[in-house]
Amino acid sequence: MPATALIRETEIERYASAIEPQQAVATLTGVTKRYGDTLALDELNLALRAGEVVALLGPNGAGKSTAVRLLLGLIAPTAGTARVFGGDPQTPSTRLRVGAMLQVARIPETLRVREHLDLFRSYYPNPLSMAEVVRIAQLDGIEDKMFSKLSGGQKQRVLFGLAMCGDPDLVFLDEPTVGMDIEARRGLWQQIRTLANRGKTVLLTTHYLEEADALAHRIVVLSKGKIVSEGTPAEIKSASAGRKIRCRTRLSAELLRALPGVTSVEQSSDDVVVMTPRAEDVVREMLLRDETLSNLEISSPALEDAFLALTTSH
Amino acid sequence: MSTPTITYHAPQSFSFARTAKIFIKETKYEFLKLLRNRSFSLAVIGFPIMFYLLFGVSNRGVHSSGIHMARYLLAGYACFGLIGAALFGIGVGLAGERAAGWLEVKRASPMPPPAYLFAKCMGAIVFGLIILTALTVLAVTIGGVSVTGFELVKMFGLSVVGSISFASMGFLLALLVPANAAPGIVNLIYLPMSFMSGLWMPIQYLPHSLQRIAPALPTYHLAQLMLGVFGYANQSSAASHWFGLAGFTMVMLGTSWLIFNRAQQNA
């Protein structure tokens with residue numbers, strides 16, 4: 001259909017003009033990736049700016065890992081270009097400025113933490129000092145432990161340390177806090193915020209929506225290889241179903257649905273849940289019509305609800 | 001709010017010293033990793049020693065058709081050991097690292113891929129030399145075998161060559177074989193191939209039908225070269241064995257290269 005072609009073109013133009021080339025630290029431009037018959041990414045446009053934390057969300061199979069691997073230069077696009085620091089992500093000079101924390105099933109278990117860090121540090125001409133990496137990755141006290149003897153959260157911290165060895169300007173974190181306890185997770189979040197404050201760029205994929213909500217300047221939601229939503233956490237949450245009103249009322253569901261501004265009504269045994277972007281207006285109407293209304297709660301939607309709304313309809 | 005600043009590192013020119021350091025560290029940690037992995041190191045060094053004690057040392061007095069069995073088996077089990085070190089250390093080890101996603105982390109880092117390959121190869125070489133040394137010590141002390149210094153140097157050299165050759169096979173196996181099947185498949189290839197190449201007993205004692213297969217096996221050619229150090233080789237010239245081994249190595253490396261590149265395109 002010509003209309004959609006026109007829309008797509010203007011989208012690309014708007015996107016390209018919104019991100020000035022010199023500000024973009026990494027870009028995927030019109031990237032398509034095909035694995036045999038499967039389309040993993042469909043003409044994706046993504047740009048990462050300096051000093052921002054971008055959270056890449058999406059259900060399994062949405063294309064998040066593929067996008068990350070393209071930016072890391074581990075795979076090449078079927079169509080389109082991937083650029084990191086203005087160059088090819090596969091060149092060694094680009095890799096010197098990039099750190100990656102990927103999901104790994106097993107890393108060599110018969111080496112100590114210090115030895116792993118020592119080896120990775122040797123790849124960089126100006127690595128952080130061992131003491132600094134240990135501090136950043138919260139590995140104090142376990143430097144001499146064999147990797148096999150570490151807990152799940154400690155293993156994740158070592159992987160983070162490996163990514164940080166070279167003091168990278170661009171960091172990719174794939175499910176970084178899986179298996180971590182609260183303290184370690186908060187510690188890692190603090191490190192991510194520090195990176196952004198220093199002008200570094202972080203691309204984070206996570207299934208913990210709370211994490212995306214807490215850390216990201218910008219959220220990009222992928223589904224089936226396309227971006228279905230993009231914006232700050234607040235924008236994503238408000239753009240979807242709106243706010244949630246929960247109460248006990250004798251008003252019928254049909255009546256509630258007919259109220260202006262109501263997007264959905266859900267009736268459970270005692271309570272009714274009404275979603276609307278104009279919570280105050282709807283509540284005012286409900287209170288006028290039903291004096292016996294009780295147990296009133298108004299809440300902002302969780303990022304989870306927004307996320308589900310965005311991805312299940314596609 | 002402070003202004004975010006980005007420090008751009010000055011472009012780094014290639015530094016030989018730094019690259020050499022990476023190669024050395026990568027090799028050192030590869031070796032440590034293998035050595036500390038008891039299920040690998042004890043088996044790969046222990047089996048040839050055990051076989052040599054059982055069949056070599058016990059036959060220290062046996063000289064059949066001009067062949068001193070304990071001496072023959074020193075060469076045979078040295079080959080057996082170095083081949084095992086290469087196939088298990090690399091074939092199984094690399095397959096596991098690839099399947100676990102660790103290889104991707106290394107590839108995403110600035111590590112030069114040749115450093116990784118070099119380290120894997122050196123790991124196989126060092127273990128091969130350790131096995132050869134252990135067997136030689138046993139042979140000379142309790143096996144009643146005499147080995148001249150020159151013979152020892154030749155054996156060491158052949159061990160290095162053989163390790164490189166079978167390291168290339170290890171690479172191909174790691175690319176082809178799924179990680180959890182790797183140990184089983186390596187055993188299925190390694191054990192019959194060793195047996196049919198005369199590593200465990202001279203070829204003459206095998207059925208004629210099996211003897212004819214031997215020249216097709218790379219392990220046979222390596223064994224013949226190693227046995228040639230003691231003058232126990234069959235009549236065919238050493239050059240034919242060198243060609244056989246070199247051809248095998250080329251085929252392994254070439255096929256690995258093809259498969260790796262095709263995986264890159266499809267990945």
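Distant-in-sequence amide contacts of A:G58, defined by a placed amide H-H separation under 5 Å and a gap of 5 or more residues or a different chain, comprise A:L222.
Placing unit charges on the Cβ atoms only, positive for Lys and Arg and negative for Asp and Glu, gives the range A:37-171 a dipole magnitude near 260 debye about its Cα centre.
Bridgeable aspartates and glutamates around B:K120 (alpha carbons under 19 Å apart, same-chain partners fewer than 8 residues away excluded): A:E109, A:E115, A:D118, B:E26, B:E30, B:E97, B:E104. Out of the range A:200-270, which trypsin sites (Lys or Arg not before Pro) are coil in DSSP terms and have no more than 12 other C-beta atoms within 10 Å? The qualifying sites are A:R250. Beta-bridge orientation, the protein assembly as shown: approximately 65 percent antiparallel, per DSSP, counting only bridges with both partners inside. Per-residue extension of 0.36 nm, minus the Cα-Cα distance of A:Q103 and A:E266, leaves a gain of 54.8 nm for this segment. Inter-chain Cβ neighbour count for A:167-179, averaged per residue, equals 1 (cutoff 10 Å, partner chain atoms only).
Residues whose amide H falls under 5 Å from that of A:T32, counting only those 5 or more places apart or on a different chain, are A:E43, A:L44, A:T78, A:A79, A:G80, with hydrogens built in the peptide plane. Picking from A:T276, A:G141, B:Q235, whose Cα lies most toward the positive end of the charge dipole for the protein assembly as shown (charges on Cβ: Lys, Arg +1; Asp, Glu -1)? It is B:Q235.
Helix-only arithmetic for chain A: the sum of -39500 (n - 2.57) across DSSP H runs with n ≥ 4, divided by the residue total, places the mean residue ellipticity at 222 nm at -10500 deg cm²/dmol. Dividing the radius of gyration of the alpha carbons in the range A:39-120 by their Kirkwood radius gives 1.01 for Rg/Rh. Counting charges near A:R97 (Lys, Arg +1; Asp, Glu -1) among other residues having Cβ under 11 Å from its Cβ returns a value of 0. For the protein assembly as shown, taking Cα atoms only, Rg and Dmax work out to 31.5, 112 Å respectively. Where only DSSP H runs of four or more residues are counted, chain B gives -23500 deg cm²/dmol as its mean residue ellipticity at 222 nm, each run worth -39500 (n - 2.57). Against chain B, whose longest principal axis comes from its Cα atoms, helix B:218-228 is set at around 60 degrees. Per-residue 3J(HN,Hα) values for the range A:268-274, derived from phi via the Karplus relation 6.51 cos²θ - 1.76 cosθ + 1.60 with θ = phi - 60°, read 9, 4, 9, 9, 10, 10, 10 Hz in sequence order (x marks Gly and Pro). Cross-link check: pairs B:K28/B:K154; A:K64/B:K106; A:K149/A:K224; A:K33/A:K149; A:K155/B:K33; A:K200/B:K33 evaluated at a Cα-Cα cut-off of 29 Å; pairs beyond the cut-off: A:K149/A:K224; A:K33/A:K149; A:K200/B:K33. Evaluating 6.51 cos²θ - 1.76 cosθ + 1.60 at θ = phi - 60° for every residue in the range B:17-31, the Karplus couplings come out as 4, 5, 5, 4, 4, 4, 4, 5, 5, 4, 5, 4, 6, 4, 5 Hz, glycine and proline recorded as x. Histogrammed with a bin width of 10 Å, the alpha carbon distances of the range A:21-62 distribute as 24, 46, 25, 5 percent, first bin at zero. Around the Cα centre of the range B:32-266, unit charges on the Cβ atoms of Lys, Arg, Asp and Glu (plus for the first two, minus for the last two) sum to a dipole of about 260 debye.
Structural size metrics of the range B:32-266, computed from C-alpha coordinates, are Rg and Dmax of 17.9, 59 Å.
Per-residue 3J(HN,Hα) values for the range A:31-43, derived from phi via the Karplus relation 6.51 cos²θ - 1.76 cosθ + 1.60 with θ = phi - 60°, read 7, 10, 10, 10, 10, x, 8, 8, 9, 7, 10, 10, 6 Hz in sequence order (x marks Gly and Pro). Average 1/r across all pairs of distinct alpha carbons in the range B:210-267, invert it, and you get the Kirkwood radius: 12.9 Å.
Taking Cβ atoms as reference points and 14 Å as the exclusive limit, the residues near B:S39 contribute a net charge of +2, counting Lys and Arg as +1 and Asp and Glu as -1.
For the range B:73-167, the Stokes-Einstein estimate of translational diffusion at 10 °C and a viscosity of 1.306 mPa s comes to 110 µm²/s, using the Kirkwood hydrodynamic radius over alpha-carbon pairs.
Taking every residue in A:102-113 and counting other chain Cβ atoms within 10 Å of its Cβ, the average works out to 6. Considering only the Cα atoms of chain A, their convex hull presents on average a projected area of 20.3 nm². Each principal axis of the Cα cloud of the range A:135-203 was taken in turn, and the coordinate range along them, longest first, works out to 35, 24, 19 Å.
Where a number appears in this text, it was derived from the coordinates with a stated rule and is not lab data. This is a predicted model, so every value here is computed, not measured. Reconstructed Cβ throughout: ideal geometry from the backbone, glycine too, with neighbour counts over all protein chains shown.
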